[in-house]
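Visitor: Pasting in a structure now, in structure tokens, and then I'll have a few things to ask.
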Amino acid sequence: MKMLTAALALMCVPLLAAGCSSSGSGSVSKSDVQTKVGSFYKDKSHEDAKSTSCDGSLPAKVDATQTCSVTSADGQTWPITAKVTKVDGKDVYYDLNLTDAFVAPDDVASSVSNFYQQKVGSAPQSSTCNGLLRGATGATIRCVITETDGTRWGVTAKTTNVEGTKVNYDMIVDDQPMP
């Protein structure tokens, strides 16, 4: 598997998650929004956030927004917007949206697996990636291919460019298997 590379392109699709919280004060508390943002990020990236912060509470008013950010395990900051979609009495419903272009780890892992199968002729036992691949030239995430005999190879997915909502990236397999 030495020095195999491939160029790929995936469409970025904004991912939303509905959240619900209740508050008697006419807003969703900053801590409640931060908790939902952290869970949302973990669901999308398959990793815990190093930290999560929001500018303040989220007003209980349709179309009200709150800017939050997550710091990923590798130190990147990901902006996330919370936007109120519905207020029903004390219940406030809102969507969360990652504002930067990205490719989800499951999509990158699928591409890595397909790449491996094209180059080797058989499917790997597994292919996994953690973290979001940012739609910015030079951004990277690491993945692991496990062959059917248990041999593991590290793979770096690296963004080459972004065309609208399409993130193009290369995959570079490590020179040596992982220990």
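Visitor: Kindly flag which residue pairs out of Lys30/Lys90; Lys50/Lys86; Lys30/Lys50; Lys36/Lys86; Lys30/Lys83 have an alpha-carbon separation exceeding 19 Å in this structure.
Guide: In this structure, Lys50/Lys86 exceed 19 Å between Cα atoms.
Visitor: If you plug each phi of segment 52-57 into the Karplus form 6.51 cos²θ - 1.76 cosθ + 1.60 with θ = phi - 60°, what whole-Hz ³J(HN,Hα) values come out, in order, with x for Gly and Pro?
Guide: 9, 9, 10, 5, x, 6
Visitor: May I have the convex hull volume per residue, in Å³, for the Cα set of segment 135-174?
Guide: Once divided by residue count, the hull of segment 135-174 is 59 Å³.
Visitor: Counting only protein heavy atoms, what percent of the accessible surface of the chain is carbon or sulfur at a 1.4 Å probe?
Guide: 47
Visitor: Across the Cα atoms of segment 111-179, what radius of gyration and what greatest pairwise Cα-Cα distance (Dmax) are found, in Å?
Guide: When restricted to Cα atoms, segment 111-179 yields Rg and Dmax of 12.6, 40 Å.
Visitor: From the phi angles alone, apply the Karplus equation (6.51, -1.76, 1.60; θ = phi - 60°) to segment 165-179 and give each ³J(HN,Hα) in whole Hz, x where the residue is Gly or Pro.
Guide: So the J values, rounded to whole Hz, are 9, 9, 9, 9, 8, 9, 10, 10, 8, 4, 5, 10, x, 6, x.
Visitor: Along the charge dipole of the chain, Cβ charges K/R +1 and D/E -1, which of Tyr94, Thr65, Gly38 sits furthest on the positive end?
Guide: In the chain, that residue is Thr65.
Visitor: When all protein chains stay in place, what accessible area (Å², nearest 10, 1.4 Å probe) is found for Thr148?
Guide: Roughly 110 Å² of Thr148 is accessible to a 1.4 Å probe.
Visitor: Please list, in order along segment 97-108, the HN-Hα scalar couplings obtained from phi with the Karplus expression 6.51 cos²θ - 1.76 cosθ + 1.60 (θ = phi - 60°), rounded to whole Hz, x for Gly and Pro.
Guide: 9, 6, 8, 8, 5, 7, 10, 5, x, 5, 5, 5
Visitor: Would you look at the GNM of the chain, springs on alpha carbons closer than 10 Å, and say which of Phe40, Phe102, Phe115 moves the most?
Guide: Result for the chain, Cα springs under 10 Å: Phe115 fluctuates most.
Visitor: A further question follows. Using r as the Cβ-Cβ distance of Gln125 and Lys61, and R0 as 45 Å, what FRET efficiency do you calculate, to the nearest 0.05?
Guide: About 0.35, to the nearest 0.05.
Visitor: Looking only at Asp74, Asp55, Asp149, which one moves most when the chain is put into a Gaussian network model with springs between Cα atoms under 10 Å?
Guide: Of Asp74, Asp55, Asp149, the Gaussian network model singles out Asp149 as fluctuating most.
Visitor: So, one more: Tally Lys/Arg at +1 and Asp/Glu at -1 over every other residue whose Cβ is under 12 Å from the Cβ of Gln76; what's the total?
Guide: -1
Visitor: Something else about it: Of the trypsin sites (Lys or Arg not before Pro) in segment 76-134, which ones lie in a loop per DSSP and count no more than 16 other C-beta atoms within 10 Å?
Guide: Answer by residue number: Lys90.
Visitor: Once fully extended, how much extra length lies between Glu47 and Asp175, figured as 0.36 nm per residue of separation less the alpha-carbon to alpha-carbon distance?
Guide: Result for the pair: 43.5 nm of gain on full extension.
Visitor: Here's a follow-up. Bin by bin, in steps of 10 Å, what percent of the Cα pairs in segment 51-132 do you find, going until the bin that has the longest distance?
Guide: 16, 30, 23, 18, 10, 2
Visitor: Please report, for the Cα atoms of the chain, the Rg to one decimal and the Dmax as a whole number; what are they, in angstrom?
Guide: 19.0, 61
The values are calculated or read from the model by the stated rules, or taken from the named source; none is laboratory data. Owing to the predicted nature of the structure, the values given are computational and were not obtained by experimental measurement. Glycine gets a Cβ as well: all are built from the backbone with ideal geometry, and neighbour counts include every protein chain shown. Note: areas computed on protein heavy atoms with side chains; ligands, DNA, RNA excluded. Shrake-Rupley method; radii C 1.70, N 1.55, O 1.52, S 1.80 Å.
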